[in-house]
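Undergrad: Got a structure here, written out as structure tokens. Questions coming.
Read-outs: derived from the displayed coordinates by stated rules, not from any lab. Predicted model only: the values in this text are computed from it and were never measured. With ideal geometry, Cβ positions are generated from the backbone for all residues, glycine too; neighbour counts draw on all protein chains shown.
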Amino acid sequence: MGNSHQSRFSTDIHIPYGTQQASQERSVTMPATKYQTGDTVMGRWPGSSLYYEVKVLRFDTRSHLYTVIYKDGTELELREQDIKTASGFQTRSRSRSRSRSPGRRRSRSRSPARTTRRSSSRTAAAVAAAAITESAPSTRRDIKLKDTLEVRLTQEDTKAAENNSNNKHEKKEENNTASKVNEKSEAKVEAEPVKNRYNLRRRKDDGDAKPAESQPEQPEDKEATVAAAPASTSLDFGGKIGAYFWLLFLPAWVLFVILQVNLEDPSLANFPPQLPPLEAFWDAQALGFVILWILFQALLHVLPVGKLSEGMPLRSGERLKYRTNGLFAIVASAAAVAAAVYQGVDLTYIHSRFLQLATATLLISVLLSIYLYTRSRYAPSDQLALGGNSGNLVYDFFKGRELNPRIKSFDLKFFCEMRPGLIGWCLINFAMALAEMKNQGLDAPSYAMILVNLFQLLYVVDGLWNEEAILTTMDLMHDGFGFMLAFGDLVWVPFTYTLQAYYLVGHPNPLSLPAVAAIVILKLAGFYIFRKSNSEKNAFRRNPSDPKLSHLKTIPTATGKSLLVSGWWGVVRHPNYLGDLIMALAWSLPCGFNHLLPWYYMIYFIILLVHRDSRDMSDCRRKYGSAWDKYCRTVPYRIIPRVY
Ligand code: NDP
């Protein structure tokens with residue numbers, strides 16, 4: 001599933017993002033610092049010893065980092081030692097003939113400062129430099145440099161959307177760096193080789209640390225400050241006040257929809273539902289079942305069955321291992337459930353005790369979050385996520401501090417993301433089908449119930465089949481594990497994504513066969529778009545030189561990665577969202593139009609994906625600068641062709 005399920009289990013999925021707060025960085029006015037806002041200085045490019053002209057935008061007094069902007073629009077945060085005044089630099093502008101000399105190339109590549117790893121970054125930087133167009137050159141040498149750059153930019157632009165035949169940009173930019181450096185580096189200005197490992201991070205948390213995928217950092221300088229998590233200054237979800245709000249609102253919302261959908265007439269005119277007595281929320285037996293379910297899933301997870309996959313490199317350079325046996329887990333769970341039903345276990349218990357099961361799971365997610373927060377206080381700084389280290393207890397508890405909390409090799413975050421809630425979603429749907437038969441005296445579930453069950457089962461199985469893809473997602477790579485994810489994984493997914501099946505138990509919606517056929521076609525169309533587009537991008541990111549993708553057009557970016565501009569990603573900028581939305585429509589249609597509540601997922605999902613799209617747009621704009629603008633001009637629509 002490529003990245004496909006990436007976010008289903010992500011922060012976005014579980015939490016409506018409406019209030020994500022804009023960056024709260026301090027410091028528009030510069031204190032007594034070495035460099036001032038507006039200064040044009042030389043900033044080191046990540047992973048290299050190369051310095052490029054940058055403009056200082058601001059200084060953060062807490063993290064002591066300067067936000068600078070490169071000429072291609074890329075913004076990064078740099079330490080003071082990664083910035084130098086322009087006067088200390090010797091500008092080298094080699095002629096084409098010189099740079100092409102094989103002898104010169106050899107001697108350059110032998111230089112100790114020019115390892116293969118670094119040259120890759122350098123190539124990226126050279127491409128970034130090649131995007132310079134705006135600066136007004138002040139000296140003759142600068143004029144010559146600018147001329148060279150403009151010529152180079154024209155070449156890049158002409159090539160920008162050419163075919164991806166075989167090697168194309170990424171191969172050129174990522175793999176074949178040594179010789180390429182000589183060709184492209186006419187624009188660069190170098191300082192003496194840098195002895196320490198760089199400590200740069202992108203401006204907004206570490207959400208863009210993906211370049212590490214293609215160039216894993218070596219764990220050579222473990223003691224270097226690169227691994228330590230600085231205080232988080234850019235807070236999401238409405239910041240500290242927002243964290244209080246979400247902590248109260250999200251559990252209340254789950255309990256509300258469960259109570260509301262259970263009403264005979266769940267229309268919003270009957271809002272709020274009558275509150276049952278407090279003791280009705282609690283059932284010790286329900287808690288016992290939830291604990292049993294989680295332990296059973298944990299047991300399946302640790303069994304030495306299935307693949308051991310490597311995660312993405314951490315800031316320390318380390319790569320964690322994960323047992324990706326999700327498909328085995330769901331098959332084994334199905335077998336266990338079938339055996340239980342055969343033995344006479346009445347699964348409709350799940351329907352009749354739904355509220356109590358939700359409360360019990362909520363309690364577990366709160367206890368888990370307290371444990372996670374407490375242990376994070378003792379975790380070394382290099383193991384903290386960059387976004388959850390604000391120093392505010394409530395915010396950090398909500399957002400999550402520790403990146404990969406583990407008990408020995410058992411990864412708590414990975415397990416919660418993929419197992420109890422996700423497989424539990426299917427179990428609950430199945431139990432609702434049995435409850436529907438029981439309550440309505442049917443011999444078989446209704447068409448509507450069968451469609452909802454099968455559609456969502458397909459979605460989950462697809463996610464577990466491609467479980468490895470979760471390792472490259474935002475949740476796994478960047479977000480700390482705290483209440484937001486623990487609650488999202490354990491409570492939000494299984495108890496709100498099952499709302500359609502829950503609704504159908506008490507509110508039948510007979511479907512004609514043509515209606516069934518039309519909904520199935522819609523679902524398959526959505527699934528096709530979703531799967532194909534996710535797989536296309538996933539395959540391209542894993543191996544840009546894949547011959548199967550050679551027909552696709554791409555444009556290069558300053559980071560060395562390219563962007564697809566044809567195929568699915570040339571139709572709209574988020575074809576995978578389009579497919580997912582069509583599928584969401586197919587999940588709600590079987591419930592009919594009598595009430596709004598079963599459409600809750602569809603409405604929530606539109607808001608979520610529109611917000612997620614705009615978040616991704618600004619992240620990509622920050623990552624890729626002018627190349628991203630070019631992509632947006634080439635592919636003007638975001639999710640729905642010619643509409644949005
Ligand atoms: P995407 O899979 O859309 O990934 C976005 C990233 O893809 C960008 O940041 C960029 O990263 C890369 N990218 C963007 N455009 C291009 C391009 N033209 N060429 C190459 N790479 C490009 O991210 P999501 O995590 O939002 O979505 C993954 C899936 O999860 C989707 O199918 C979505 O529908 C689904 N989802 C499901 C939810 C649910 O609750 N059911 C909730 C949220 C999402 P980079 O360049 O760094 O690789």
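Undergrad: Regarding the range 344-478, what's the average projected area of the Cα-atom convex hull, expressed in nm²?
TA: Working: hull surface 42.3 nm².
That works out to 10.6 nm².
Undergrad: For the range 349-444, which chymotrypsin sites (Phe, Trp or Tyr not before Pro) are both in a DSSP coil and crowded by at most 13 other Cβ atoms within 10 Å? Please list the in-between numbers first.
TA: Working: sites: Tyr349, Phe354, Tyr371, Tyr373, Tyr378, Tyr395, Phe397, Phe398, Phe410, Phe414, Phe415, Trp425, Phe430; in loops: Tyr378.
For chymotrypsin sites (Phe, Trp or Tyr not before Pro) across the range 349-444 that sit outside H, G, I, E and B with at most 13 neighbouring Cβ atoms in 10 Å, the list reads Tyr378.
Undergrad: Considering the Cα trace of the range 386-462, what is its radius of gyration and what is Dmax, both in angstroms?
TA: In Å, with Rg to one decimal and Dmax whole: 19.1, 58.
Undergrad: Please compute, over every Cα-Cα pair in the range 575-622, the percentage with a separation greater than 14 angstrom. Kindly include the intermediate steps, with their values, before the conclusion.
TA: Numbers: 622 of 1128 pairs.
Tail of P(r) above 14 Å: 55 percent of Cα pairs.
Undergrad: Which loop-located chymotrypsin sites (Phe, Trp or Tyr not before Pro) does the range 239-318 contain, where loop means any DSSP state but H, G, I, E or B and the Cβ has at most 11 other Cβ atoms within 10 Å?
TA: Loop-located and lightly packed - none at all.
Undergrad: Rounded to the nearest whole Å³, what is the per residue volume of the convex hull around the Cα atoms of the range 306-353? Write down the numbers at each step before the final one.
TA: Values: hull volume 5.1 nm³, N = 48.
Convex hull of Cα atoms, per residue: 105 Å³.
Undergrad: Given the Cα-Cα distance of Ser87 and Ser267 and 0.36 nm per residue of separation, how much length would full extension add, in nm?
TA: Working: separation 180, 0.36 × 180 = 64.80 nm, distance 7.04 nm.
Taking Ser87 through Ser267 to full extension adds about 57.8 nm, to one decimal.
Undergrad: Expressed as a whole percent, how much of the Cα-Cα distance distribution for the range 492-637 exceeds 18 Å? Don't skip to the answer; put the middle values down first.
TA: Numbers: 6871 of 10585 pairs.
Pairs farther apart than 18 Å: 65 percent.
Undergrad: A further question follows. If r is the Cβ-Cβ distance from His64 to Thr40 and R0 is 22 Å, what FRET efficiency results, to the nearest 0.05? Display every interim value, and only then the final one.
TA: Values: r = 21 Å, r/R0 = 0.94.
Calculated value: 0.60.
Undergrad: Name the trypsin sites (Lys or Arg not before Pro) in the range 389-440 that are in a loop by DSSP and that have at most 10 other C-beta atoms within 10 Å, would you?
TA: Numbers: sites: Lys399, Arg401, Arg406, Lys408, Lys413, Lys438; in loops: Arg401, Lys408.
Counting only loop positions with at most 10 other Cβ atoms within 10 Å, the trypsin sites (Lys or Arg not before Pro) in the range 389-440 are Lys408.
Undergrad: Report Rg (one decimal) and Dmax (nearest whole number) for the range 538-596, counting Cα atoms only, units Å.
TA: 17.0, 52
Undergrad: Compute the length gained on full extension between Val516 and Tyr604: take 0.36 nm times their separation in residues and subtract their Cα-Cα distance, giving the result in nm to one decimal.
TA: On the way: separation 88, 0.36 × 88 = 31.68 nm, distance 2.41 nm.
Taking Val516 through Tyr604 to full extension adds about 29.3 nm, to one decimal.
Undergrad: Highest mean first, how do 500-513, 593-606 rank when packing is the count of other Cβ atoms within 10 Å averaged over residues? Please report the intermediate quantities before stating the final value.
TA: Values: 500-513: 20.3, 593-606: 17.2.
In decreasing order of mean packing, 500-513, 593-606 become 500-513, 593-606.
Undergrad: Here is a follow-up. Any chance you could get the radius of gyration and Dmax over the Cα atoms of the range 255-362, in Å?
TA: Over the range 255-362's Cα set, Rg and Dmax evaluate to 19.5, 56 Å.
Undergrad: Provide the descending list of Cα extents for the range 309-394 along its principal axes, expressed in whole angstroms.
TA: If we take the Cα atoms of the range 309-394, the spans are 51, 33, 17 Å.
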